[in-house]
Amino acid sequence: MSEPFYVTTPIYYVNDKPHLGHVYTTMIADVVARYHRLRGDDVFFLTGVDEHAAKVADKAAENNLSPQQWADRNAAAFREVFEKLEMTNDDFVRTSEDRHKQKVTEYVAALLKSGDVYQGEYEGWYDAGQEEYVPENKAKASEYKSEVNGKPLVRKSEKNYFFKLEKYRDQVIRAIEGGEMVVKPDARRNEIINRLAEAKDVPISRSGSGGWGIPMPNDPKQTIYVWIDALFNYLSYIDTPERKPYWQSGATHFIAKDILWFHASIWPAMLMALRKCPGYEWVNLPRMIYSHSYWVSETGQKMSKSLGNFLDPQAIDNYVKEFGLDALRYFLATRGPLGTTDSAFSPDLFAEVYNSDLANTFGNSCSRVTNMIGKYFEGKVPESPGDNWMPGKSQRFSDVLRAYGNLYKEDNASLNLSSSAHRGLEIVRLVDSTIDIEAPFKLAKEPANLPRVGNILCNCLESLRIASILLWPFIPDACELFWERIGCDYAAQMKASDGKGKLDEWVKWGQLKPGQRVETGTALFPRYQVK
Ligand code: ME8
């Protein structure tokens, strides 16, 4: 039975073009989506754009366009970049679409009816760049400047509608502490719990947005606050009879640390409030909110649109042209800021990781083994008369690889992507050390040794086959090419079953058939010469 699995990214503001930060979050969600498909899960992966921000309308005005025209242009740029990077999202959110606007109107109407949304007056410090009110103590601590872009906060007051966050804050804390909704990494969870304990009701509407946004259902002069509109995307896009099971399976939301507050406080509280409304009893909480850190420039500054120091689509494209798409995926997923520390994006590190992990390890090992099979066994999987003891004869490949496969699954369950990729690489390293120790290329000089050589190469190829399955979510193009060369039809099997793979079955030891054709072909990852 395949399990539903739902993974999302933030929806990105369309005031400007996409950059590396956006590509990063969507890329790691894509790796996770691919891993779950490989396992045979029924995956729904959602990404997209957030259009109703005031800064989108401002940018449009600067460019003499309507907000919708400006949003159309940049939404297309996001879509294009994600398509080019072969992201496997199942839908693409645009909050200006009717299907979203209708649902959000219904959700807010239900909350008005239940009394969890009410009318009031709000005054506070506003960060225009982040479209967010900053609490008094935080505003003071940052000397009334934006923590993100350093611009002065503005004092704003307005009549609007409020959501009863205070009423739900203890329930949200309990959901986080009890593990119903996991907030990761742990260090960030404590910050949120402390802030939640003090949480007050929050405004969820704005006046004077010039009509750019979704009107309050009962008061069209007010617009639903862009953050409320945006958070609901996770639900609105799968609120259909066929897609509902994805929501109910418990969403995994990937975001960065700047927007954790909205996701770990207001979002679950609104879901709790909605669940009490007639017709919404099926609404549960997300299973996981994962907030990663930032990509920063080599000088340590956050990469952002407002700072103008990001890797833009052109720069990203240049990396893909030079190193290949797999290399970009691999680098972002294994060296990115998934934990609590920021990662500096350095071209030198990129090239170093490419050479060490992809060219010199996976790519090189595949070439070595398939080359020798070509040379000594006419390009066919040899008969393997022996066992699968590893050099030194204390352990079997089959046992060691099974253990790696289990660790790989644990790593993926805890979203430790870098460790998960390294399980695949560790297997490749076992292959390399086997070749170094056993030296089949020397043994092969003596025809009487050929059965032994066949046995060694069989064990090596079988190990690489299994490593390539574990590595597939990270470097799918190279793995699929390798599968083609060694006669494994996993890609075709996945295609035929709606993307679902059979990880557990495929990683079982001993599936290569003697006589099966093995081709070497060109290097999977040609070594990069530093210019
Ligand atoms: O916040 N490093 O949109 P946004 C890593 N529309 N990730 C980065 C990054 C960096 N330097 N810069 C951006 C919004 N990101 C709202 C979200 S969700 C209901 C609404 C990524 O365009 C990261 O995922 O400012 C971050 O959370 C997101 O882009 C913010 O994108």
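Here residue 113 clears all of (1) open to solvent by less than 40 Å² (accessible area, probe 1.4 Å); (2) at pLDDT 95 or above except the condition numbered (1). Scanning the range 131-158 for residues that are of a type in the set (D, E, K, R) and without any contact (Cβ under 8 Å) to a residue 40 or more places away in the chain returns 136, 138, 140, 143, 145, 147, 151, 155, 156.
For the range 227-242, enumerate the residues that are of a type in the set (Val, Ile, Thr) and either under 22 Å from the mean Cα position of the chain (by Cα) or open to solvent by 10 Å² or more (accessible area, probe 1.4 Å) (or both). Within the range 227-242, 238, 240 qualify. Residues that are open to solvent by 10 Å² or more (accessible area, probe 1.4 Å) and more than 15 Å from residue 246 (Cβ to Cβ) are absent from the range 42-49 altogether. Between 358, 338, the distinction of being outside any helix (DSSP H, G or I) and under 21 Å from residue 27 (Cβ atoms) belongs to 338 only. Just wondering, is there one or more residues in the range 86-102 that are among the polar types (S, T, N, Q), touching a Lys or Arg at 6+ places or on another chain (Cβ under 6 Å) and under 25 Å from residue 315 (Cβ atoms)? No, there is no match, as no residue in the range 86-102 is among the polar types (S, T, N, Q), touching a Lys or Arg at 6+ places or on another chain (Cβ under 6 Å) and under 25 Å from residue 315 (Cβ atoms). Output the residues belonging to the range 4-18 that are open to solvent by 10 Å² or more (accessible area, probe 1.4 Å) and modelled with pLDDT under 95. Selection gives 15, 16, 17.
Applying a threshold of 6 Å to beta carbon distances and a minimum spacing of six or more residues, or different chains, the list of pairs starting in the range 493-522 at a residue that is within 30 Å of residue 45 (Cα to Cα) and aromatic (Phe, Trp, Tyr) and ending at one that is open to solvent by less than 50 Å² (accessible area, probe 1.4 Å) and at pLDDT 95 or above reads 506/469. Within the range 313-333, does at least one residue satisfy the condition of being in contact with a strand residue (DSSP E or B) (Cβ under 6 Å, 6 or more places away or on another chain) and part of a loop (DSSP other than H, G, I, E, B)? Checked the range 313-333: no residue is in contact with a strand residue (DSSP E or B) (Cβ under 6 Å, 6 or more places away or on another chain) and part of a loop (DSSP other than H, G, I, E, B).
Would you point out the residue of the range 258-284, among those that are surrounded by fewer than 19 Cβ atoms within 10 Å (Cβ to Cβ) and part of a loop (DSSP other than H, G, I, E, B), that is farthest from the ligand (Cβ to nearest atom)? If we take residues in the range 258-284 being surrounded by fewer than 19 Cβ atoms within 10 Å (Cβ to Cβ) and part of a loop (DSSP other than H, G, I, E, B), then 278 is farthest from the ligand (Cβ to nearest atom).
Counting only strands (runs of 3 or more DSSP E) that sit wholly inside the range 117-223, those with at least 1 residues that are exposed (fewer than 15 other Cβ atoms within 10 Å of the Cβ) are 117-127, 154-163, 205-207.
When the range 370-399 is filtered for residues that are modelled with pLDDT of 95 or more and touching a Ser or Thr at 6+ places or on another chain (Cβ under 9 Å), the ones remaining, listed by number, are 370, 371, 373, 374, 379, 397. Can you pull out the residues in the range 217-257 that are in contact with a helix residue (DSSP H, G or I) (Cβ under 7 Å, 6 or more places away or on another chain), away from the ligand (no atom under 16 Å from the Cβ) and of a type outside the set (S, T, N, Q)? The one that is in contact with a helix residue (DSSP H, G or I) (Cβ under 7 Å, 6 or more places away or on another chain), away from the ligand (no atom under 16 Å from the Cβ) and of a type outside the set (S, T, N, Q): 217. The helices (runs of 4 or more DSSP H) found entirely in the range 422-531 that carry 3 or more residues being open to solvent by 30 Å² or more (accessible area, probe 1.4 Å) are 440-443, 450-471, 476-485, 490-496. When restricted to residues that are outside any strand (DSSP E or B), polar (S, T, N, Q) and within 16 Å of the ligand (Cβ to nearest atom), the range 19-68 contains 2.
Being farther than 28 Å from residue 272 by Cβ and either of a type in the set (Gly, Ala, Ser) or modelled with pLDDT of 95 or more (or both) is a condition met by no residue of the range 169-179. When each of 103, 55 is tested for being more than 23 Å from the chain's Cα centre (by Cα) and over 29 Å from residue 277 (Cβ atoms), the lone residue that passes is 55.
The values are calculated or read from the model by the stated rules, or taken from the named source; none is laboratory data. Source: prediction; values computed, not measured. Neighbour counts run over all protein chains shown; Cβ positions are idealised from the backbone, glycine included. Side chains included, ligands, DNA and RNA excluded: accessible areas come from the protein's heavy atoms. Shrake-Rupley method; radii C 1.70, N 1.55, O 1.52, S 1.80 Å.
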